[in-house]
1. Could you give the length gained on full extension between residue 49 and residue 90, defined as 0.36 nm per residue of separation minus the Cα-Cα distance, in nm?
2. Got a sec? What order do 42, 1, 76 fall in by accessible area at 1.4 Å, biggest, i.e. largest, first?
3. For residue 80, list long-range residues whose amide hydrogen, built 1.01 Å from N in the peptide plane, is under 5 Å from its own amide hydrogen.
4. Please compute the contact order of the range 3-104 in relative form: average sequence separation of alpha-carbon pairs under 8 Å and at least six residues apart, divided by the residue count, as a percent.
5. Note the full-extension length gain between residue 3 and residue 28 as 0.36 nm times their separation in residues minus their Cα-Cα distance, in nm to one decimal.
6. When the expected Rg is taken as 2.2 N^0.38 Å, what fraction or multiple of it is the alpha-carbon Rg of the chain?
7. In whole percent, how big is the carbon plus sulfur part of the accessible area of the chain, probe 1.4 Å, protein atoms only?
8. Per residue, how much accessible area does the chain have with a 1.4 Å probe, in Å²?
Amino acid sequence: MTAYTVEFVGTGETIEVEDTETVLSRAIEEGIAQEYSCRVGMCLACSAKIVEGDVTQPAARGLTDEEKENYALTCMARPQSDLKLDRGKYPPSIEKEAAVEAGAGDEATADD
Ligand code: FES
């Protein structure tokens with residue numbers, strides 16, 4: 001087991017996370033206000049942008065392989081190095097879905 005330092009950028013919060021545990025489970029234990037819901041890698045509520053470092057997250061089914069390069073689902077992500085994570089940042093795919101659900105593009109159909 002190896003412990004890595006995980007820094008949440010912009011918050012001043014830093015925790016130590018073993019490479020055998022998820023960032024989310026340690027964050028909860030440490031009282032960090034990390035959003036989450038499903039805890040099985042599907043909903044993306046716990047997403048964070050990887051500013052620096054590497055994680056392993058093979059069970060992060062809500063992310064594409066490309067998104068896994070830049071985003072961590074903290075409920076699935078185990079550190080492989082010291083990390084800097086930007087909490088509450090979501091991959092472009094979910095941002096597009098949210099825009100559609102919020103009605104973005106309604107103006108385009110109003111003329112139909
Ligand atoms: S809590 Fe749902 S993907 Fe992490």
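The values are calculated or read from the model by the stated rules, or taken from the named source; none is laboratory data. Quick caveat: nothing in here was measured; it's all calculated off a predicted structure. Quick reminder, even Gly has a Cβ in these numbers, built from the backbone with ideal geometry, and neighbours come from all protein chains shown. Side chains included, ligands, DNA and RNA excluded: accessible areas come from the protein's heavy atoms. Shrake-Rupley method; radii C 1.70, N 1.55, O 1.52, S 1.80 Å.
1. Numbers: separation 41, 0.36 × 41 = 14.76 nm, distance 0.70 nm.
Going from the current span to full extension adds 14.1 nm.
2. Details: 42 105, 1 170, 76 35 Å².
Listed by decreasing accessible area, they come as 1, 42, 76.
3. 54, 55, 56
4. Values: 204 pairs, mean separation 33.5, N = 102.
RCO, the range 3-104: 33 percent.
5. Numbers: separation 25, 0.36 × 25 = 9.00 nm, distance 1.65 nm.
That pair, residue 3 and residue 28, stretches by 7.3 nm at full extension.
6. On the way: Rg = 15.6 Å, N = 112, 2.2 N^0.38 = 13.2 Å.
Its radius of gyration relative to the 2.2 N^0.38 Å reference: 1.18.
7. On the way: 2980 of 6480 Å².
Carbon-and-sulfur percentage of accessible area, whole number: 46.
8. Working: 6480 Å² over 112 residues.
Dividing the accessible area of the chain by its residue count gives 58 Å².
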